[in-house]
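For reference, the structure discussed in these notes is given below.
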Amino acid sequence: MSNRPMRLRRSQLAVPGSSEKMLTKAAGLDVDHVFCDLEDAVAPSAKPAARQTIVEALNSLDWGNTVRCVRVNDVTTQWCHDDIITVVEGARENLDTIMLTKPYTAADVQFVDKLLTQLEKKLGLKKRIGLEVLIEEVQALHNVWEIAHSCDRLECLIFGMGDYAASQGMMVKNIGTTGGYPGDIFHYPRYQLTIAARSAGIDAVDGPYANFGNEDGYREECRRALTLGMVGKWAIHPSQISAATEMFSPDASEVAFAREIIEVYRKAEADGLGSVGHKGVMVDAASARLFQNTVNRADLIGM
Ligand code: COA
Ligand code: MG
């Protein structure tokens, strides 16, 4: 039985770790999860200073119930270990999760898991720091099953479609859009990632949509991810947060209907029946299981 904490990830806001202004703004927003970035949003020359800016923001701002995450550079860079050590030693319990970029294999994730274990012991931290990883290289998609099951600390797989598209050599014009491909060019990686995540009992989250002026396009991507079994999507701009939060929350009527179906099935079972008709539709054990997912989401949100 896993002891991973359950956290809301309907919207994960990317915030450049070098921007004190944006970090301050992020702390005041109503968003499930914020990741303070040390990777692509921060220029190489600005990375050491950004670590300190992030530590200061985590320690001094009121983040409310928002999950506080720091995204670190990948294990092949000269920055990865210093990112983790500086941020964990500086922020200690004011940090909830670390997000690892560009792993290729389970061993890359296990490196970070072990480093975090060492730091937790050294600092005597009272809570365990969670781990989230991006699937954004073709090698990672190939190894996604092993990565999903790589360690008990792992809470979440994220589909990073920008780097992924580049890694595969896809001809898409901006991050999150699907080019001229018939159907959904990201169907296969999202599907694979979500199967692996669900199998490991962890969350699957959809990555960025760069065209933050196109709310309809963004909502359509949320709808696809949600339908596949993902629990949230990144926001790269504050204007995307409310759409993701809304799209990944069941509405009250959906929750009421889910509870109704589960009740109908319970009654059928008590009457010795495996399946019954309800409002013209068959209800059986699988229906109850499907609708239990909606009830679980509602419970986590506190609906
Ligand atoms: N987090 C927190 N605040 C943000 C923000 C973010 N990701 N993006 C914008 N803001 C703030 C701006 O500072 C501005 O604040 P103000 O009204 O107090 O001045 C306000 O929201 C409106 O921003 P806007 O002027 O519309 O955008 P911009 O031109 O300042 O920034 C981006 C556009 C794309 C550069 C910016 O949204 C950004 O840096 N996004 C994150 C990029 C990132 O992290 N990429 C890596 C992961 S994919
Ligand atoms: Mg990336």
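Rule-based calculations on the coordinates, nothing more; no lab input. Computed from a prediction, not measured in an experiment: that's the story for all the values here. Please note: Cβ atoms are built from the backbone with ideal geometry, for glycine as well, and neighbour counts cover all protein chains shown.
Angle check, please: helix 285-301 long axis (alpha carbons) against the longest principal axis of the chain (alpha carbons), in degrees 0 to 90, nearest 10.
40
Please give the net charge around GLY162, taking every other residue with its beta carbon less than 10 angstrom from that of GLY162, where Lys and Arg add +1 and Asp and Glu add -1.
For residues surrounding GLY162, the net value is -3.
May I ask for the angle, rounded to the nearest 10°, between helix 106-123 and the longest principal axis of the chain, with both axes built from Cα atoms and the value confined to 0 to 90°?
Helix 106-123 and the main axis of the chain meet at about 70 degrees.
Dipole size in debye (nearest 20) for the chain around its Cα centre, Lys and Arg Cβ +1, Asp and Glu Cβ -1?
Approximately 400 debye in magnitude.
Under 8 Å for C-alpha pairs, at least 6 residues apart: give me the relative contact order for segment 252-301, rounded to a whole percent.
With pairs under 8 Å counted, the relative contact order is 43 percent.
For segment 11-247, just run the numbers: alpha carbon Rg, then divide by 2.2 N^0.38 Å, N being how many residues it has.
On the way: Rg = 16.7 Å, N = 237, 2.2 N^0.38 = 17.6 Å.
Expressed relative to 2.2 N^0.38 Å, the Cα Rg reads 0.95.
By how many nm would the segment from VAL281 to ALA166 grow when fully extended, if each residue of separation counts as 0.36 nm and the alpha-carbon distance is taken off? Don't skip to the answer; put the middle values down first.
Working: separation 115, 0.36 × 115 = 41.40 nm, distance 4.48 nm.
Full extension of this stretch gives 36.9 nm more.
In what sequence, highest mean first, do 296-303, 156-163 appear when ranked by Cβ atoms within 10 angstrom?
With the highest mean Cβ count within 10 Å placed first, the list reads 156-163, 296-303.
Can you say what percent of the DSSP beta bridges in the chain, counting only those with both residues inside, are antiparallel? Round to 5.
Numbers: 3 of 35 bridges.
Roughly 10 percent of the DSSP beta bridges within the chain come out antiparallel.
Among GLN118, LEU13, VAL72, whose Cα lies farthest out toward the positive end of the dipole of segment 11-247, if unit charges sit on the beta carbon of Lys, Arg (+1) and Asp, Glu (-1)?
GLN118
With Rg and the Kirkwood Rh both taken from Cα atoms, where does Rg over Rh land for segment 252-301?
0.99
Between beta-carbons, use under 14 Å as the cut-off and find the net charge around ARG219, counting Lys and Arg +1, Asp and Glu -1.
Once all neighbours under 14 Å are counted, the net charge is -2.
ALA270 versus SER253, label points 7 Å from Cα toward the beta carbon: distance in nm?
2.8
Could you tally the net charge around CYS36, taking each other residue with its Cβ under 9 Å from the Cβ of CYS36, Lys/Arg +1 and Asp/Glu -1?
+1
Given points 7 Å out from each Cα along the Cα-Cβ axis, report the ASN293 to HIS81 separation in nanometres with one decimal.
4.2
Could you check which residue among GLU132, GLU260, GLU221 shows the biggest mean-square fluctuation in a GNM of the chain with a 10 Å Cα cutoff?
Evaluated over the chain, the most mobile residue of the options is GLU260.
Nothing charged except the Cβ atoms of Lys and Arg (+1) and of Asp and Glu (-1): what's the magnitude of the dipole of segment 252-301 about its Cα centre? Round to the nearest 20 debye. Display every interim value, and only then the final one.
Values: 6 positive and 7 negative charges, 13 e Å.
Once rounded to the nearest 20, the dipole reads 60 debye.
Just grab the label-to-label distance for ASN174 and GLU20, each label 7 Å out from Cα along the Cβ direction, in nm (one decimal).
3.1
When the chain is treated as a GNM, springs tying every alpha-carbon pair under 10 Å, which of MET247, MET99, MET171 comes out with the largest mean-square fluctuation?
MET171
What do you get for the angle between helix 187-200 and the principal long axis of the chain? Use alpha-carbon atoms, 0 to 90 degrees, nearest ten.
Approximately 90 degrees, to the nearest ten.
With charges set only on the Cβ (+1 for Lys and Arg, -1 for Asp and Glu), what does the dipole of segment 47-137 come to about its Cα centre, in debye to the nearest 20?
Numbers: 12 positive and 14 negative charges, 65 e Å.
Here the size comes out at about 320 debye.
Label 7 Å along Cα→Cβ of LYS126; segment 80-112 residues with amide nitrogen under 18 Å?
89-97
Strictly over 25 Å apart at the Cα level, which of LYS102/LYS122; LYS102/LYS233; LYS21/LYS126; LYS25/LYS233; LYS25/LYS173; LYS233/LYS279 would you flag in this model?
LYS102/LYS122; LYS21/LYS126; LYS25/LYS173; LYS233/LYS279
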